[in-house]
Amino acid sequence: MIQPKQRILRAVKILILIVFLCIGAFLLYFYMDGTYVEKEGSAGTMPGLDVRVTPTEEIVEYEEGFSVVRYDGDYGFDAFLAQGGAFSDGELIAFLANNVLSDVLLDEIMDGIFGCSTIAVQSPEGEFLFGRNFDWNTCEAMVVESYPENGYASISTVNMDFITQSINSRAVDLVMNLDEIRTLAALYAPLDGMNEAGLAISVNMIQDTARIDQNTDKPDITTTTAIRLLLNQAGSVDEALALLGQYDLHGSMDMMIHFAIADSTGRSVAVEYVNNEMIVTETALLTNFYLAEGEKQGIGSEQSHERYDILMSRLEETPRMGMDDVRDALDRVSKDNFGEADSTEWSIVMNLSTGELRYYHRENYERCYTFFLQPDPQK
């Protein structure tokens, strides 16, 4: 017969076991259903999970068409600027081949452009956010976290199809491995990004036959090297505009583009080029038509006006948005809403005040890849 004392001890043990089981169940729910799973240099995420990403020097594919890498140190960009930059994609490719990538040939580093949407808004907590959709055919996206020796740390996104389709087979004979080659090339081909100072930038296409081909005695930059310049050196919209004014811009593939630029003070602008003159317009939104007043205003695709109107309505309804609200706004103007063959390959919500970036791949807004951009500890 079990004594009263033994029954009490057994009851206590059962109670302790129940408590531990409850704690375990809570932790399992918390990590599997509610927040982030930490991933560092590994892939194979489970469906529906939000993933906290810590990039490494190895390129890691988190899902088909979405990979991540980190690069620390000098990749020759200061030398690129010092020798006068590049007035065309061909000249940029020549610089990379001769100075960075040895015998690698990148004949199609910018083989086409895109249609996209951006939004800048303040959160209820007073933080400043920037959202961006990249609309394109199915492609390989790579997120590049960069810590240059001379410049701001940044996270940017590259369409690797602009690069990898044209890497010559001789690349296998190089001393550097393919990951290093792809990463170095990607550093010169960002399409959007944010730096540690809280500056965000995106490039969008405008459907227009005009071209950007400034021709003065200033050094030259192309579309993607302009983005790299600003990510490395600009801490605010004012600094970004001053830097752009110091260079002659040449549109890649002779395509007309404009930039959306925002910073951690809440300022956001569109930078456009009309008759090779840089024009700045204060705006929270940008799609794919000219905003600048004058002869070009409104020129662009019909759908870009529709997306702009949708985002404007959202802003008017909700002047302050959290990161989830910005995600939902980007979802509303993603390509699956318009019945087109191409897709929104990636969407980003950037918090310019905290350094947090949330990526959504191929219109799956149930799963996000979260990055936290930290200042370089060695500086």
THR283 long-range amide H proximity, modeled H, under 5 Å: SER268, VAL269, ALA270
Whole-number percent relative contact order across the range 291-379, with pairs defined as alpha carbons under 8 Å at least 6 apart: 17 percent
Ranking of ARG332, ARG327 by count of other Cβ atoms within 10 Å, fewest first: ARG332, ARG327
Average projection area in nm² (convex hull over Cα atoms of the range 36-372, one quarter of hull surface): 15.8 nm²
Relative counts (whole %) of C-alpha pair distances in the range 226-379, using bins that are 5 Å wide: 2, 8, 14, 19, 20, 18, 13, 5, 1, 0
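Which of the peptides 313-321, 194-202, 239-247 is most tightly packed, and how do the rest follow, judged by the mean count of other Cβ atoms within 10 Å per residue?
Top of the packing list down: 194-202, 239-247, 313-321.
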Rounded to 5, the percent of DSSP beta bridges in the range 36-372 classed as antiparallel: 75 percent
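Rule-based calculations on the coordinates, nothing more; no lab input. Given the structure is predicted, the values throughout are model-derived calculations rather than measurements. As a convention, Cβ positions derive from the backbone with ideal geometry for all residues, glycine included, and neighbour counts pool all protein chains shown.
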